[in-house]
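Just so you know, all these numbers are worked out from the coordinates, no wet-lab data involved. Since the model is a prediction, treat every value here as computed from it, not as a measurement. Cβ: placed from backbone, ideal geometry, glycine included. Neighbour counts: every protein chain shown.
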Amino acid sequence: MIQIQDKIVSLQVVEEQFLCNLNACKGACCWEGDSGAPLEKEELEILEEIYDKVKPYLSSNGQKVIEENGTSVFYKTENEYGTPLINNGPCAYMTYDEAGIAQCGIEQAWADGVIAFKKPISCHLYPIRISEYESFEAVNYDEWDICKAACALGKKNKLPVYQFLKEPLIRKYGESFYEELDQFAKSWAKQKEEN
């Protein structure tokens, strides 16, 4: 673990390599798992506000689930709010493209300029997961077997997790956080080469 500003960052974020390979996994992180994507407090309100604009981008099943359960759901096992699921499977905001690859209806609406919110930060940051504690946040790498192809592609391209996630890390914590993390990662890599 390392400390960057007031965040505790797992060394795996710097050492592991990752590059999403959607042709291999088809976006399985959007339909695998026991609960929806974690949502931050301010995102609960955002999802309610943008739902009418996002609705046309969703499947009829996704719309039905959201209209029955709300734009977010509280998951007792995780003790947090997340996106609703269709029959305990796919995220209600998920759709498929022509190639059968999962895509986010929220992100599609954003790409079309219909809304200003790209997607939940937990989705944007994946495979990083943030854990909030009383006095700090922990920034961890979440290793999941459905992402094996992404790990292999990351190794092939020598792309560390934090570099793959530059945009969402800056979105979440700002440029100075990312720059400090990048400086640490480069000096850490140099140190390891010398030893």
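If the reach is capped at under 21 angstrom between alpha carbons, list the lysines near residue 119, excluding any in the same chain fewer than eight residues apart.
Reachable lysines: 26, 41, 53, 55, 64, 166, 172.
Can you tell me, using C-alpha contacts under 8 Å and at least 6 residues apart, the relative contact order of the chain as a whole percent?
Numbers: 280 pairs, mean separation 61.2, N = 195.
Value for the chain: 31 percent.
Taking loop as defined by DSSP and a crowding limit of 11 other beta carbons within 10 Å, which trypsin sites (Lys or Arg not before Pro) in the range 144-195 fit?
Here the sparse-neighbourhood loop sites are 158.
In percent, how large is the relative contact order of the range 26-126, given Cα pairs closer than 8 Å and 6 or more residues apart?
35 percent
Nearest 500 deg cm²/dmol is fine: what mean residue ellipticity at 222 nm does the chain get from its DSSP H runs of n ≥ 4 alone, each adding -39,500 (n - 2.57), divided by its residue count?
Working: 10 runs with 86 residues, N = 195.
Result for the chain: -12000 deg cm²/dmol, rounded to the nearest 500.
Distance from a point 7 Å along Cα→Cβ of residue 188 to each backbone N in the range 1-28: keep the residues under 14 Å and list them by number.
Hits in the range 1-28 for residue 188 at 14 Å: 1-5, 7-18.
Checking the a/c ratio against 1.5 first, then a/b against b/c, what shape does the Cα gyration tensor give for the range 26-126? Walk me through the numbers before you get to the answer.
On the way: a/c = 1.36, a/b = 1.12, b/c = 1.21.
It comes out rounded by the Cα gyration axes.
Please name which of 56, 81, 38 has its Cα lying farthest along the dipole of the range 1-110 towards the positive end, using unit charges on Cβ (Lys, Arg +1; Asp, Glu -1) and the Cα centre as origin.
In the range 1-110, that residue is 56.
Helix 175-194 versus the longest principal axis of the chain: what angle, 0 to 90°, nearest 10, using Cα atoms?
40 degrees
Would you mind finding the longest exposed-site-free stretch of the chain, with exposed chymotrypsin sites (Phe, Trp or Tyr not before Pro) meaning DSSP loop and at most 13 other Cβ atoms within 10 Å?
Longest site-free region, per DSSP loop and neighbour criteria: 1-132.
About its Cα centre, how strong a charge dipole does the chain have in debye, to the nearest 20, once Lys and Arg get +1 and Asp and Glu get -1 at the Cβ? Intermediate results must be reported in sequence, preceding the final value.
Details: 20 positive and 33 negative charges, 141 e Å.
My answer is approximately 680 debye.
Given a 10 angstrom Cα cut-off, can you work out which residue in 89, 113, 62 is the most mobile in a GNM of the chain?
Per the Cα network of the chain with a 10 Å cutoff, 113 tops the list.
Give me the dipole magnitude in Debye, nearest 20, for the range 26-126 about the Cα centre, with unit charges on the beta carbon: positive for Lys and Arg, negative for Asp and Glu.
On the way: 8 positive and 17 negative charges, 36 e Å.
Using only the charged Cβ atoms, the result is roughly 180 debye.
Give, to the nearest whole percent, the P(r) tail of the chain beyond 26 angstrom, counting all Cα pairs.
On the way: 6812 of 18915 pairs.
It works out to 36 percent of all Cα pairs.
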